[in-house]
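A short write-up of the structure that comes next.
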Amino acid sequence: PQLWQSPDHPLWLLLDRQQLPVDFIQEEDVEAGLPAHYRAVFALGDCLTRQASAKLVEWVHAGGQLWLCPGAGLYDEYRRDNPAMTGLTGFRADALRVNKQFGNWGSLLGTPQPLTTVQPKDAAVPALPALFARQDFVTPGEVLATFADGKPALAKTPAGQGQVWQAGFMLGLAYGAGCNKQANDGYATVFPE
């Protein structure tokens, strides 16, 4: 179940443009052990069953690479706190801010005002807009990008043999915002490198 719409569908576009094959898996797949067949899992949505959460934590500790969008796995299937994911990520529900004006991906392609900007540590990568969602978090891991106020926006943290990649902003939306859709009556055809 997903109780707030995760607007980061452009994340798939970003991965696709990098020629990375993507499969869509559900909680039932995770509960059945399917992540064992994957090197990385990108988790979207704030609700994740406790059984799927436990399997993901086990998979990460065994060497998996887990990417978390803001709010991913904050709650269990009954919208209660999800201690397995909170223990793995450090994300807290009270630190998640979502712009309620977000309607769908089409609303992104208008002229949204960023909540803030994100500056990657790599000076060769341009600043990115943080659109519609921001989650503050504390990490013992390596900070790869910060919000304008200096707080972590993207980090990677070792977890057993694996790693957790935490994004406090919607990277896919930041990528999609750079397309040519605003000046194009049809489909977006040009995306930034």
In whole Hz, the Karplus estimates of ³J(HN,Hα) for the stretch 152-169 (6.51, -1.76, 1.60; θ = phi - 60°; x where Gly or Pro) are x, 10, 8, 8, 10, 10, x, 9, x, 8, x, 9, 10, 9, 9, 10, x, 9
In whole Hz, the Karplus estimates of ³J(HN,Hα) for the stretch 45-53 (6.51, -1.76, 1.60; θ = phi - 60°; x where Gly or Pro) are x, 8, 10, 8, 4, 4, 5, 5, 4
When every protein chain stays in place and a 1.4 Å probe is rolled, Lys156, Lys151 sorted by accessible area with the largest first are Lys151, Lys156
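The values are calculated or read from the model by the stated rules, or taken from the named source; none is laboratory data. From a predicted model like this one, the values you see are computed outputs, not experimental measurements. Just so you know, the surface numbers come from the protein's heavy atoms only, side chains and all, with ligands and any DNA or RNA stripped out. Shrake-Rupley method; radii C 1.70, N 1.55, O 1.52, S 1.80 Å.
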